[in-house]
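The block underneath contains the structure these notes are about, expressed in structure tokens.
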Amino acid sequence: MASSLVWASRAASRLRISTFRRGFASVTEHFKYSDSHEWVDVDGTAAKIGITDHAQGHLGDVVYVELPDVGAAVSKGKNFGAVESVKATSEIYSPVSGEVIEVNNKLSESPGLINANPYSEGWIIKVKISDSNELNSLMDSEQYKKFCEEEDAKH
């Protein structure tokens, strides 16, 4: 067992891959965050939604994303799809209620965009928000960072 770890460490070194645990995941300042690790980027009455860098880091390599249909209704705190990784399948919960007005079809061909760029290219759906007051119950970037640190400390 130890020899395979040494081999893996040497291989990682040759490939310039870090074998150390990654530092804390990034957050984007003006986004809102849910305690189930989804982010919301609000633009007027529309919001892009995706999973956070923290979430994708825990999931590992994303291999499939289940997307809802355009026109589907989503409800705050309810599941609207799933992300399948090499480690597990996780449901995605909507941080706001509304109607799906766009889905990121690029994820069907390239689900790894969630790993590579969770806050831009890896967005999942765009929703027309039905109740903007729901945004008040979400965390800002500082609150979310603290939430993740506390959650990681428990594990």
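The values are calculated or read from the model by the stated rules, or taken from the named source; none is laboratory data. Just so you know, these numbers come straight off a predicted model, no measurement behind them. Please note: Cβ atoms are built from the backbone with ideal geometry, for glycine as well, and neighbour counts cover all protein chains shown.
Please enumerate the residues belonging to segment 57-67 that are among the charged types (D, E, K, R) and either in a strand (DSSP E or B) or surrounded by 15 or more Cβ atoms within 10 Å (Cβ to Cβ) (or both).
E66
From S110, S120, which residue is more than 25 Å from M139 (Cβ to Cβ), among the polar types (S, T, N, Q) and free of Cβ contacts under 8 Å to residues at least 24 places away in the same chain?
On inspection, the qualifying residue turns out to be S110.
Kindly list, by first and then second residue, each pair from a residue in segment 127-155 that is within 23 Å of N79 (Cβ to Cβ) to a residue that is at pLDDT 95 or above and of a type in the set (K, R), limited to pairs with Cβ atoms under 7 Å and residues at least 6 apart or on different chains.
E134/K76; L135/K32; L138/K32; M139/K32
Among the residues of segment 134-141, is there at least one that is out of contact with any strand residue (DSSP E or B) (no Cβ under 6 Å at 6 or more places or on another chain), at pLDDT 95 or above and assigned to a loop (DSSP other than H, G, I, E, B)?
The answer is yes; a qualifying residue exists.
Pick from V70, V127, V83, V96: which is among the β-branched types (V, I, T), part of a loop (DSSP other than H, G, I, E, B) and closer than 16 Å to E38 by Cβ?
Matching residue, one of V70, V127, V83, V96: V96.
If you take the residues in segment 99-124 that are small (G, A, S) and within 17 Å of K32 (Cα to Cα), which one is surrounded by the fewest Cβ atoms within 10 Å (Cβ to Cβ)?
In this case the residue turns out to be S120.
Could you tell me whether any residue of segment 142-154 is under 16 Å from Y64 (Cβ atoms) and touching a helix residue (DSSP H, G or I) at 6+ places or on another chain (Cβ under 9 Å)? Don't jump to the end; show me each part of the working.
At the first step, the residues of segment 142-154 found to be under 16 Å from Y64 (Cβ atoms) are none.
No, segment 142-154 contains no residue that is under 16 Å from Y64 (Cβ atoms) and touching a helix residue (DSSP H, G or I) at 6+ places or on another chain (Cβ under 9 Å).
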